[in-house]
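Inspection log for the structure reproduced underneath, given as structure tokens.
The values are calculated or read from the model by the stated rules, or taken from the named source; none is laboratory data. This is a predicted model, so every value here is computed, not measured. Cβ: placed from backbone, ideal geometry, glycine included. Neighbour counts: every protein chain shown. The protein model used for the area step is the full one, side chains on, heavy atoms only, and it has no ligands, DNA or RNA in it. Shrake-Rupley method; radii C 1.70, N 1.55, O 1.52, S 1.80 Å.
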Amino acid sequence: MKDKNRPQWSSVPPSGFSQSPQRQRAWIRRHKIFIALLAIIGLIVVIAVTSAGGGGGEAPPAAEGGTATVPREGDQQKASPEDEPGIGDPVRDGKFEFIVTRVQPGVQEIGGEFGKEAQGQFILVHMTVSNIGDEAQLFDGGAQKLFDGKDREFSADALAGVYLEESKSFLNEINPGNKVNGIVVFDVPTDVKPVKLELQDSVFSGGVAVNLAR
């Protein structure tokens, strides 16, 4: 005998389950095939794009030894030695214009009997220094630098400049528009051959290079 108070389930399945198991499996199979087709199409597109890109992302060819050579920014802007100012060319730094007129190596002593003897050799750099500014400026021979072919830096010998009467490079004040013919003295080893001079209007300036090998 049926209980009238118990809910009676309908023999008709809900709408969401109206399809037979066979149809559900068929739909799933169709769904998998559709996904597989999309995957295959996507793979074909990726391969086509990669092939069209060619070597756009290839690294630069490796130099001998296995290291890739990449040009550094600014390398092409470096001036060649032929373009650098040399002896006789005017160069400027700060308030001064310099013209190197002569380089005199191989000097052993300066100042006579009460002078100074070189540790190696004195190199005398003759130059004209003009004040192109609008106020007085001290010409300090000690602020100048000499370089050899190994790029070693040599400081000027300020004391030797004092012994050299015609030096005029020890804290010589030059007024605007005036110029002096001075000599900066360097004490360097006997085998040193100077190739470059860095001239400065003071120890705090940027400096300007003069090629002594030209």
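Values as computed for the structure displayed
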{"read-out": "Those residues of segment 156-214 which are modelled with pLDDT of 95 or more and of a type in the set (Ser, Thr, Tyr), in sequence order", "value": "Thr190"}
{"read-out": "Identity of the residue in segment 175-214, closer than 23 Å to Glu165 by Cβ and in contact with a helix residue (DSSP H, G or I) (Cβ under 9 Å, 6 or more places away or on another chain), that ends up surrounded by the most Cβ atoms within 10 Å (Cβ to Cβ)", "value": "Val184"}
{"read-out": "Condition check for Phe154: part of a strand (DSSP E or B), over 18 Å from Asp89 (Cβ atoms) and not acidic (Asp, Glu)", "value": "yes"}
{"read-out": "Test: residue in segment 122-144 that is of a type outside the set (Gly, Ala, Ser) and in contact with a helix residue (DSSP H, G or I) (Cβ under 7 Å, 6 or more places away or on another chain)", "value": "yes"}
{"read-out": "Index of the failed condition, Ala160 passing every other in (1) among the aliphatic types (A, V, I, L, M); (2) open to solvent by less than 40 Å² (accessible area, probe 1.4 Å); (3) part of a strand (DSSP E or B)", "value": "(3)"}
{"read-out": "Flag for Ser202 being in a loop (DSSP other than H, G, I, E, B) and more than 33 Å from the chain's Cα centre (by Cα)", "value": "no"}
{"read-out": "Subset of segment 138-153 [at pLDDT 95 or above, open to solvent by less than 40 Å² (accessible area, probe 1.4 Å) and within 17 Å of Asp201 (Cα to Cα)]", "value": "Gln144, Leu146"}
